[in-house]
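Colleague: So that we are looking at the same thing, I have put the structure below in structure tokens.
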Amino acid sequence: MEHAVVMAGGSGTRFWPESRACRSKQFLDLTGSGPMIRETLLRLFPVVPPEQVWVVAGRKDAPHLSPRALGIPGANVLLEPQGKNTAPAVAYAVACIARRDPDAVVLAAPADHAIGNVPRFRAVIRKGLRLARETGRFVTLGVPPTHPATGYGYIERGKPFPGRVKGAFEVARFTEKPDLVTARRFLRTGRFDWNSGLFLFRADLFADRLARFLPEIDREIGKAFRGGRKGFDRRLRDAYRRMPSISVDYGILEKEKGILVLPANVGWSDLGTWRSLHEFLGSRGGNLVFGDVVLADCRDTFVRTDGGVVAVLGMDGVVVVRSGDAVLVCPRSRSEEVKRLAEEVRRRYPLLA
């Protein structure tokens with residue numbers, strides 16, 4: 001059967017002041033369609049039934065993870081004792097899935113991405129699940145780039161992959177976030193896609209590669225699951241304390257041979273910054289506002305308020321966000337730096353972080 005693991009353990013500090021320690025990015029309503037994690041789940045349900053969808057998040061996020069609100073069984077909400085990046089999170093979920101369904105094919109997806117063309121996205125996911133099952137390989141989705149972004153990883157497509165599932169390519173290489181010159185060169189070749197962060201695999205393949213490439217995580221997850229339900233929380237807590245913090249990308253995918261990529265022109269955005277949210281929802285050069293906002297002589301400006309009136313005069317290319325007892329003002333072009341600003345807020349005003 002097909003299963004989906006929704007990874008919901010991130011913090012999203014670039015969306016401060018809306019994203020706080022007690023309310024991470026994936027639980028915010030950024031697009032006006034509800035919390036991002038709920039949008040992610042609703043996109044998946046027609047492809048993977050709710051009883052086979054799993055959410056992995058931190059214990060601190062438990063107040064936001066009502067199974068009824070998420071629409072999945074309570075047993076499918078998995079709470080990590082501490083954040084250790086994506087490899088332990090996916091290993092925990094796959095261990096749970098394999099005990100119920102050893103022949104499972106799994107989609108692992110972040111909880112906080114946005115998709116512009118949902119029907120096309122579902123069609124690509126169905127194709128990816130079929131490809132992962134038939135080939136016994138890891139499959140990832142590559143997003144055709146629209147500009148030389150430096151905030152995304154890239155995938156270089158190799159030769160077309162022959163088989164019954166059409167449109168796949170061998171992965172020639174993964175490249176982490178490049179500088180601008182390199183990103184422009186990638187686009188000129190026509191061979192590179194953005195790395196979407198979504199990947200698909202058979203559960204038995206993941207278990208094999210976890211044991212081969214990340215034996216510490218494999219060993220600790222195995223210890224946690226030995227001994228049944230009694231004492232499981234304590235064993236899991238001990239396991240996480242001993243496991244390294246590492247991503248699936250670094251720990252497994254960059255060491256694996258024969259990975260396949262499916263181009264996915266689905267209007268994808270990882271919504272990593274206020275600027276990317278503006279670009280996803282708005283038009284180039286246009287203003288975008290949420291709440292009670294008055295603009296005069298402004299262009300390419302994003303303003304959002306959850307209370308009171310915000311008025312902006314004669315400013316171009318700025319972000320203004322009021323959330324509760326905090327306000328952010330910055331150039332749109334420097335939205336990436338909000339993470340550093342949020343860290344300074346945490347140091348000086350911890351209650352606002």
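The values are calculated or read from the model by the stated rules, or taken from the named source; none is laboratory data. Quantities reported herein were computed from a predicted structural model and do not represent experimental measurements. Here Cβ is always computed from backbone atoms with ideal geometry, including for glycine, and neighbour counts include all displayed protein chains. The protein model used for the area step is the full one, side chains on, heavy atoms only, and it has no ligands, DNA or RNA in it. Shrake-Rupley method; radii C 1.70, N 1.55, O 1.52, S 1.80 Å.
Colleague: With runs of 4+ DSSP H residues as the only contributors, calculate the mean residue ellipticity of the chain at 222 nm using -39,500 (n - 2.57) per run, divided by the residue total and rounded to the nearest 500.
Modeller: Numbers: 10 runs with 108 residues, N = 353.
Counting only the DSSP helices, I get -9000 deg cm²/dmol.
Colleague: So, one more: At what distance in nm do the modelled label points of Glu344 and Lys177 sit from each other, each positioned 7 Å from its Cα along Cα→Cβ?
Modeller: Going from the Glu344 label point to the Lys177 one covers 1.8 nm.
Colleague: Return the equivalent ellipsoid semi-axes of segment 228-301 as a descending list in whole Å, where each equals the square root of 5 times an eigenvalue of the C-alpha gyration tensor.
Modeller: Details: eigenvalues 370, 105, 25 Å².
Semi-axis lengths for segment 228-301 are 43, 23, 11 Å.
Colleague: At 1.4 Å probe size, what's the solvent-accessible area of Arg348? Round to the nearest 10 Å².
Modeller: 140 Å²
Colleague: Need one number: the % of Cα-Cα pairs in segment 179-292 sitting beyond the 17 Å mark. Can you show the working numbers first?
Modeller: Numbers: 4699 of 6441 pairs.
Cα-Cα pairs in segment 179-292 separated by more than 17 Å: 73 percent.
Colleague: I want the local charge near Arg59. Using Cβ-Cβ distances under 12 Å, sum +1 for each Lys or Arg and -1 for each Asp or Glu among the other residues.
Modeller: Details: positive: Lys60, Arg237; negative: Asp61, Glu80, Asp233.
Neighbourhood net charge equals -1.
Colleague: For each pair in Lys127/Lys339; Lys159/Lys255; Lys25/Lys84, compute the distance between the two Cα atoms and list the pairs where it is over 26 Å. Each step should come with its number before you reach the end.
Modeller: Numbers: Lys127/Lys339 36 Å; Lys159/Lys255 19 Å; Lys25/Lys84 18 Å.
Flagged as over cut-off: Lys127/Lys339.
Colleague: For segment 160-168, what does the Karplus curve 6.51 cos²θ - 1.76 cosθ + 1.60, with θ = phi - 60°, yield as ³J(HN,Hα) per residue in whole Hz, taken in order and with x for Gly and Pro?
Modeller: Once rounded to whole Hz, the list reads x, 9, x, x, 5, 8, 7, x, 8.
Colleague: Using only protein heavy atoms and a 1.4 Å probe, report how much of Met315 is accessible, in Å² to the nearest 10.
Modeller: Counting only protein heavy atoms, the figure is 80 Å².
Colleague: While we're looking at this one, here's another question. If amide hydrogens are placed 1.01 Å from N in the peptide plane, which non-local residues have theirs closer than 5 Å to the one on Asn287?
Modeller: Asp300, Thr301
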